[in-house]
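The values are calculated or read from the model by the stated rules, or taken from the named source; none is laboratory data. From a predicted model like this one, the values you see are computed outputs, not experimental measurements. When we count neighbours, we look across all protein chains shown, and the Cβ atoms used for this are built from the backbone with ideal geometry, even at glycine. Remember, those area values only see protein heavy atoms, side chains included, never the ligands or the DNA or RNA. Shrake-Rupley method; radii C 1.70, N 1.55, O 1.52, S 1.80 Å.
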Amino acid sequence: GHLGFHAGALPVSFRADVNYARHGFERGLDGNLNVISGFANAVYTFPTSSMSLKPYVLGGLGLGSIGGEFEGESGDRETRFGFQVGAGIDIPLSGLGTFAEIGYQRYNTDGAALTQIPIRFG
């Protein structure tokens with residue numbers, strides 16, 4: 001989910017995102033990894049002559065709580081700083097504010113990095 005704030009005709013707005021992702025493992029290591037995260041983003045909407053399609057890019061910083069269950073045992077949760085970047089397009093449909101976007105999220109963990117590529121439509 002996300003909540004945005006846009007001030008008038010400025011091309012830059014601000015948006016807060018809250019995410020939940022679950023990744024299952026089936027080969028080698030049986031279990032799952034889940035990430036609960038929140039990001040504060042700046043969103044730049046490109047000026048266009050079209051009244052319908054509005055492309056945008058976003059970037060922001062946040063925190064992710066990373067944990068999971070492996071081989072039937074729960075692992076410790078870690079809270080890590082992360083960042084996200086992305087691009088999307090606003091598409092007005094019958095008065096609804098519809099969007100489609102793709103992003104890249106990265107968290108640094110002990111000895112490794114966790115990356116996710118969320119695809120969102122709403």
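Among 21, 40, 87, which one shows the biggest mean-square fluctuation in a GNM of the chain, springs joining Cα atoms closer than 10 Å?
Evaluated over the chain, the most mobile residue of the options is 21.
Could you please report the charge total around residue 53, scoring K, R as +1 and D, E as -1 over all other residues with beta-carbon less than 15 angstrom from its beta-carbon?
Taking every Cβ under 15 Å from that of residue 53, the sum is -1.
First compute the accessible area of the chain with a 1.4 Å probe, then give the percent of it belonging to carbon and sulfur atoms.
Looking at the chain in its full context, I get 62 percent from C and S.
For the chain, what number results from the quotient of the Cα radius of gyration and 2.2 N^0.38 Å?
My calculation over the Cα atoms of the chain gives 1.25.
Taking every pair of Cα atoms in the range 76-122, average 1/r, invert it to obtain the Kirkwood radius, and report Rg/Rh to two decimals. Present the calculation step by step, with values, prior to reporting the outcome.
Numbers: Rg = 14.9 Å, Rh = 12.6 Å.
Here the Rg-to-Rh quotient is 1.19.
What does the charge dipole of the chain about its Cα centre add up to, to the nearest 20 debye, if the Cβ of each Lys and Arg holds +1 and the Cβ of each Asp and Glu holds -1?
With Lys and Arg at +1 and Asp and Glu at -1, about 580 debye.
What's the center-to-center distance, using Cα atoms, between the range 73-122 and the range 12-45 in Å?
Each part reduced to its Cα centre gives a spacing of 4 Å.
Among 81, 25, 99, which one moves the most in a GNM of the chain with springs linking Cα atoms closer than 10 Å?
25
How many Å² of accessible area per residue for the range 43-122, probe 1.4 Å?
The answer is 62 Å² per residue.
Run the quick spin-label model on residue 106 and residue 71: label points 7 Å from Cα toward the beta carbon, then report their separation in nm to one decimal.
3.1
Relative contact order for the range 1-117: what is it in percent, counting Cα pairs under 8 Å that are at least 6 residues apart?
Relative contact order for the range 1-117 comes out at 17 percent.
Between residue 51 and residue 10, what is the FRET efficiency for a Förster distance of 22 Å, r being their Cβ-Cβ separation, to the nearest 0.05?
According to the calculation, E is roughly 0.80.
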